[in-house]
Amino acid sequence: MANVKAKRNDPGALAYLEASIPDLPTATARAAIYIVENADKVVRFSLKDLSKFSKAGEASIVRLCQLAGFSGFSDFKLALAAELAVRQRQPDIHNTGDGDSLSKLGHELARSIVATVELTEQSVLQKIASRLVLVNRIDLFGSGVSGIIAELFSYRLLRAGLNAHAIRDITLAHEVANGLGPTSAAIAISESGVTANTLDFLRVARSAGAFTVAVTCQARSPLAKHADAVLLMAKLNIPAYGGFINSVPRAVYLAEALAALISPQSDIVE
């Protein structure tokens, strides 16, 4: 793992954690992802609480805090609480009617699609499309906003004529993954590529013999390593935390591009 210790004049703990996720070991990355996605809860957690909910060991969490430039979890929590307080006082491009801010938001979302187009390899899309038309079923899974993306992919593939279903419940996802085989496909969505439940879903599906696809921003992530094919989404300049759905537009492009190859007439607007 790279030495990625932060400096106190960095943009902030959340931005640092989000940028560091791809370089962190899996357990530490789980803690970082949970903190980024649930910062308002974490400031009220004990170390034991965070370990329980993030499914990362206490030692991994303390190490993460030290990598971020803090002496330990308590020191990190104080800084995180201060950062959240500052964020609440500052105008946000998602929560203001200011024309310049809205224009910036639109530009960032459009840029995410254009950058994803540039990352997308036609040969990879064609490989995935060619395999999906041969399988009997396609199961998709993602957590949080990635679960919404899984449902959008599922809907688009269904309309293209394939037997696709999105799963939001992790227990059901594991059961389904265990029952897959060579005539099945599994698509897992995770922006970071280290989300534990999503990683487990794809790993089990591949072990069962299914054709596996990862949709992620991280080409070298653990999720990508368990995939037969990887669809890359561009990284955003907009933070992924805070409950925003800014990751959806670039994923819609990938779903539409895939559907267009599966069924050339499927892109006709009804």
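The values are calculated or read from the model by the stated rules, or taken from the named source; none is laboratory data. Small disclaimer: the values here were computed from a predicted structure and weren't measured. Glycine gets a Cβ as well: all are built from the backbone with ideal geometry, and neighbour counts include every protein chain shown.
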Only unsatisfied item for ILE113, checking (1) at pLDDT below 85; (2) hydrophobic (A, V, I, L, M, F, W, C); (3) in the same structural domain as PRO249 (by TED's automatic domain parsing), is (1)
Hits in the range 130-144 - residues which are over 20 Å from ALA257 (Cβ atoms) and touching a Phe, Trp or Tyr at 6+ places or on another chain (Cβ under 9 Å):
ASP139, PHE141
Pairs under 7 Å by beta carbon, first residue closer than 17 Å to ALA214 by Cα in the range 113-128, partner part of a loop (DSSP other than H, G, I, E, B) and of a type in the set (Gly, Ala, Ser), six or more apart or different chains?
THR116/ALA234; LEU119/ALA234
With the requirement that a residue be surrounded by fewer than 20 Cβ atoms within 10 Å (Cβ to Cβ) and under 14 Å from the mean Cα position of the chain (by Cα), what does the range 206-223 give you?
ALA219, ARG220
Answer residue from the range 203-224, given it is without any contact (Cβ under 8 Å) to a residue 40 or more places away in the chain and assigned to a helix (DSSP H, G or I) and is nearest to LEU132 (Cα to Cα) among those
ARG206
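Can you tell me which residue is surrounded by the fewest Cβ atoms within 10 Å (Cβ to Cβ) among those in the range 127-142 that are touching a helix residue (DSSP H, G or I) at 6+ places or on another chain (Cβ under 8 Å) and at pLDDT 95 or above? Working first, answer last.
Keep residues of the range 127-142 that are touching a helix residue (DSSP H, G or I) at 6+ places or on another chain (Cβ under 8 Å), which gives 128-129, 132-133, 138-142.
Add one more test, that the residue is at pLDDT 95 or above, and what stays is 128-129, 132-133, 138-141.
Details: ILE128: 24, ALA129: 18, LEU132: 23, VAL133: 13, ILE138: 24, ASP139: 25, LEU140: 27, PHE141: 30.
The qualifying residue surrounded by the fewest Cβ atoms within 10 Å (Cβ to Cβ) is VAL133.
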When (1) surrounded by fewer than 22 Cβ atoms within 10 Å (Cβ to Cβ); (2) modelled with pLDDT under 95 are applied to GLU151, the one that fails is (2)
Checked the range 154-205 for anything surrounded by fewer than 20 Cβ atoms within 10 Å (Cβ to Cβ) and of a type in the set (D, E, K, R); matches are ARG159, ARG168, ASP169, GLU175, ASP200, ARG203
Within the range 138-188, how many residues turn out to be assigned to a loop (DSSP other than H, G, I, E, B) and among the hydrophobic types (A, V, I, L, M, F, W, C)?
3
